[in-house]
Structures are given as structure tokens and as C-alpha cells.
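Colleague: Sharing a structure below in C-alpha cells format, with a few things to ask.
The values are calculated or read from the model by the stated rules, or taken from the named source; none is laboratory data. Remember, predicted model here, so these are calculated numbers, not experimental data. Positions of Cβ are backbone-derived with ideal geometry, glycine not excepted, and every protein chain shown enters the neighbour counts.
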Amino acid sequence: MSFVKDSVNRTPIVDTVFTIVEKANEAKAKYGDDAVIDGVIGSLYSEEGKLTALNTVYDTLKSLDNRHLAKYAVSFTGNPDFQKDAIDWVLDGNSNLYKEVIATPGGTGAVGMTIENCLEAGQTLIIPEIAWGSYALMAQMNNLNVATYSLFEGDHFNVEDLKATCKEVMAKQDRLVLIINDPCHNPTGYSMTDEEWKEVIAFLNECSKTHSVVLINDIAYIDYSYRGFEAKKYFKNFDEISENVAIVVAFSISKSMTAYGLRCGAAILLGKTEAVVNELKVVFEKSARATWSNINNGAMETFSVIMKEKRQEYLDEKEQYVQLLKERSSLFIQEADEVGLPYYPYREGFFVTLPMDNQLRDAYHAALMDNKIFTVKVNKGIRVAICSMPIRKVKGLASRMKEILDQVQA
């Protein structure tokens with residue numbers, strides 16, 4: 001006798017990140033913090049080893065009236081001010097497409113909602129071969145298959161393999177739903193070029209002649225791009241989509257506002273015609289109401305107050321951490337190059353990932369832990385969270401990791 005539906009996957013979830021967090025904390029307790037390299041948690045930490053919580057954000061949140069924090073949002077699709085501010089902030093004037101916004105619990109809510117409502121059970125979702133693990137889990141929980149595209153060809157985005165994967169899936173179903181996590185890809189730190197985006201959009205337009213196409217653009221880390229608002233100019237390419245292509249931009253306040261626990265974000269719906277956007281909006285509204293009902297009112301109001309009254313203050317404070325992240329990554333990359341430690345092409349972002357097959361990865365990961373270096377295993381690689389590591393611990397890390405890799409491969 002079973003108490004859950006027959007179609008659901010019953011395999012227990014294994015959270016690779018938080019399992020290693022426990023091991024890292026045990027090592028710190030036993031050997032002392034200075035003896036341990038903790039490159040696990042994908043949140044921004046200060047040089048003092050404390051979770052970053054931007055003062056601009058939390059001073060604003062705490063200044064709100066208690067009743068404002070306690071009450072429901074104006075609508076289950078989000079407060080109107082928040083919806084407008086999310087569009088203005090994310091797109092920064094770089095798109096003339098029709099637009100609608102559904103407030104979501106983090107960027108996760110935006111991605112999950114799209115997967116759930118745009119594919120039928122048994123159909124296939126297309127994701128990067130190296131990706132955030134929850135993409136595949138969302139597909140699994142909606143009884144979907146997954147097809148992966150190779151992320152890189154040499155030092156650049158593998159557009160050709162994306163095309164090949166899409167064509168294989170199109171031969172089996174009437175629609176195409178794919179995820180591109182860009183810029184600041186998790187976990188490699190790659191950001192696509194404008195030319196790469198142009199080629200992707202042109203290809204999706206070709207696909208749309210026979211199939212409906214939904215592109216999920218996961219931009220969770222965009223506000224920590226080293227290029228600032230320049231990083232948002234690629235949205236202009238979206239204006240070239242055909243009428244049979246829809247784009248859902250998954251925005252995360254978790255990262256942008258260092259508000260991981262407040263669970264707020266947005267699904268920004270983009271289309272060439274109002275009809276395309278409205279179809280998504282109607283279904284997504286009902287999905288939101290039926291799934292989470294309402295989004296954190298205080299988080300939305302905090303975002304809107306900052307956008308209207310404290311925008312420059314927020315930007316100035318955030319920029320300090322963008323520069324810190326850049327300093328950490330530059331040091332690690334420089335030293336990796338000096339000692340010959342391989343890594344996937346990195347441009348900007350929270351993580352650097354070392355490439356290797358999964359058999360070597362498993363042995364290497366265990367050897368790193370034996371040497372009090374804690375990282376996260378991803379498909380075909382080892383993820384190093386430079387976002388949470390102080391510079392003093394980044395210094396010399398690549399050399400140590402190269403020595404251990406050479407020993408494992410010997």
C-alpha cells in the first residue's frame with residue numbers, strides 16, 4: 001500500500017551541499033577554522049567569515065511598520081510597485097517586448113512554475129550538462145525527462161551542441177522548453193557574449209517555425225556581474241524573437257539583495273505579442289495561487305523602497321562586494337594558471353569549477369577533504385565557492401589543489 005501517487009519518484013533526496021557543510025563544520029570544530037578551507041556554501045561572505053547582509057536592505061526592512069510586514073501582499077501575483085520595479089531593475093530599459101510579472105518565492109519559484117506549466121508529463125526539459133542540480137529535480141517531480149547540452153566548446157559557449165540537443169528533442173515533441181543560466185553561470189562562472197546570444201535567438205526563431213518555444217533565462221547572479229549594468233544589455237537581443245517564442249526571466253532577490261531566507265523573486269514574462277504574454281500570465285497566476293498563494297510582502301516592499309529611495313546607496317554598498325568577489329576570483333584564476341590547474345572558462349560570478357570526469361571527481365573530492373579542503377561535486381567537475389572564502393584562504397589554494405590532483409592522478 002502506498003500513500004503517494006504511483007508516478008512520483010521515491011528516491012530520497014541527497015543534498016550534496018549541506019552534507020559537505022556538516023563535514024566542513026566538523027573539521028573546523030576539530031582542527032580550528034584557520035586549518036580548514038571551506039569552499040562549499042554558495043552565499044556571499046565577508047572577509048571576516050560572516051554571511052553578508054547588506055545594511056541598505058536590512059535597515060530598510062526593519063524600518064517598515066510591523067503591520068506592513070505582517071499583512072498579505074496586494075495580490076497573489078505581487079504588489080504592483082514591486083512588479084514595475086522588478087521590470088525596471090532587471091531589464092534596465094533594454095527590451096521593448098510585451099511584459100508581465102508574477103512574484104515568486106525566489107528565482108526557484110520562477111523556474112519551477114515555468115517547468116510545471118509549459119511541459120506535459122513525459123516530455124523533455126533541456127538543461128545545461130553542468131548545472132544547478134534543482135533543475136533536474138524539478139523535472140523529475142513533474143514526471144519529465146531531461147536532455148542536456150554540452151556547455152562548452154573549448155573556451156566558449158557550445159552553441160552547436162545546444163542546437164543539436166534541441167533538434168533531437170523537437171523530433172519527439174511539439175514544444176521546446178530550455179534553460180540557459182546566464183550571466184554568471186552556476187557553477188562555472190561563465191557569461192555568454194552578445195554574439196552567442198544573437199546566435200541562440202536566431203536558432204530559437206528557426207525552431208519556432210514548427211514548435212512553440214519557451215526559453216527560461218535564469219539570471220540569479222546577474223547583479224554580481226563585474227560589468228554592472230552592461231551585463232544587462234544582452235536583453236536587447238530578446239526583442240528579435242518571433243511570435244512563437246516566449247521568454248521567462250527568473251529573477252532572484254535572494255542573491256541581488258543578500259536575502260536568501262526571505263524567498264522573493266519574480267518571473268518576468270516576455271513575448272512579441274500581448275497574446276503570448278497573457279496566455280502565460282493567466283496560467284502562471286493560477287499556479288501561483290494554487291501553490292504558494294502569496295509572496296513575502298515585506299521583501300517586496302523593501303525592494304521597492306530601495307529602488308525608489310535608496311538605489312545609489314544600495315549600489316555603492318553592493319559594489320564593494322562585487323569588487324571583493326572580483327579580487328578573490330582573479331587571485332584564484334591567476335594562481336591556477338601559474339600552476340596549471342584546469343578550470344572551466346570563468347568570466348565572473350560566485351564559483352569556479354574544475355573540469356574532470358565523474359570517476360576522477362569522486363576520488364579527488366575525497367582527497368581534498370582528507371586535506372581539509374571542502375568543495376562541492378557537480379556533474380563533470382568540482383565547484384569552488386570563492387564567494388564565501390576570504391582572500392587569505394584563496395591565496396595558495398590553487399597550488400594546493402593542483403598538488404592533490406596530481407597525487408590522485410598518479
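Colleague: Test of understanding: among 84, 62, which residue is assigned by TED's automatic domain parsing to the domain that holds residue 188, within 23 Å of the chain's Cα centre (by Cα) and modelled with pLDDT of 95 or more?
Modeller: After applying the criteria, what remains is 84.
Colleague: Assess whether residue 106 counts as being touching a strand residue (DSSP E or B) at 6+ places or on another chain (Cβ under 6 Å) and in contact (Cβ under 8 Å) with a residue 24 or more places away in the chain.
Modeller: Yes: the conditions hold for residue 106.
Colleague: Given the conditions (1) under 18 Å from the mean Cα position of the chain (by Cα); (2) assigned to a strand (DSSP E or B), and given that residue 189 satisfies all but one, which numbered condition is not satisfied?
Modeller: Answer for residue 189: the failing condition is (2).
Colleague: Only residues that are assigned to a helix (DSSP H, G or I) and touching a helix residue (DSSP H, G or I) at 6+ places or on another chain (Cβ under 6 Å): list them for the range 1-60, please.
Modeller: If the condition is that a residue be assigned to a helix (DSSP H, G or I) and touching a helix residue (DSSP H, G or I) at 6+ places or on another chain (Cβ under 6 Å), then 56, 60 are the ones that fit.
Colleague: Okay, next question. In the list 17, 36, which residue meets the criterion of being within 21 Å of residue 400 (Cα to Cα) and surrounded by 11 or more Cβ atoms within 10 Å (Cβ to Cβ)?
Modeller: On inspection, the qualifying residue turns out to be 36.
Colleague: Picking from 352, 339, 322, which residue would you name as being surrounded by fewer than 21 Cβ atoms within 10 Å (Cβ to Cβ) and under 20 Å from the mean Cα position of the chain (by Cα)?
Modeller: Answer to the selection: 322.
Colleague: Next question, about the same structure. Say whether the condition of being of a type in the set (Lys, Arg), more than 30 Å from residue 14 (Cα to Cα) and surrounded by 20 or more Cβ atoms within 10 Å (Cβ to Cβ) is met by at least one residue in the range 377-398.
Modeller: no
Colleague: Is there any pair linking a residue in the range 138-158 that is among the aliphatic types (A, V, I, L, M) to one that is surrounded by fewer than 18 Cβ atoms within 10 Å (Cβ to Cβ) and not in a loop (DSSP other than H, G, I, E, B), with Cβ under 7 Å and at least six apart or on different chains, and which?
Modeller: 139/146; 146/136; 147/168
Colleague: Output the residue which, of all residues in the range 63-78 that are within 23 Å of residue 110 (Cα to Cα) and in contact with a helix residue (DSSP H, G or I) (Cβ under 7 Å, 6 or more places away or on another chain), is surrounded by the most Cβ atoms within 10 Å (Cβ to Cβ).
Modeller: 78
Colleague: For the range 293-306, indicate whether the set of residues that are in the same structural domain as residue 65 (by TED's automatic domain parsing) and of a type in the set (Phe, Trp, Tyr) is non-empty.
Modeller: Yes, the range 293-306 contains a residue that is in the same structural domain as residue 65 (by TED's automatic domain parsing) and of a type in the set (Phe, Trp, Tyr).
Colleague: Look at the range 286-306 and say how many of its residues are assigned to a loop (DSSP other than H, G, I, E, B) and within 23 Å of the chain's Cα centre (by Cα).
Modeller: Selection size over the range 286-306: 4.
Colleague: Can you tell me which residues in the range 111-134 are of a type in the set (A, V, I, L, M, F, W, C), more than 16 Å from residue 207 (Cβ to Cβ) and not in a helix (DSSP H, G or I)?
Modeller: Of everything in the range 111-134, those that are of a type in the set (A, V, I, L, M, F, W, C), more than 16 Å from residue 207 (Cβ to Cβ) and not in a helix (DSSP H, G or I) turn out to be 121, 127, 130, 131, 132.
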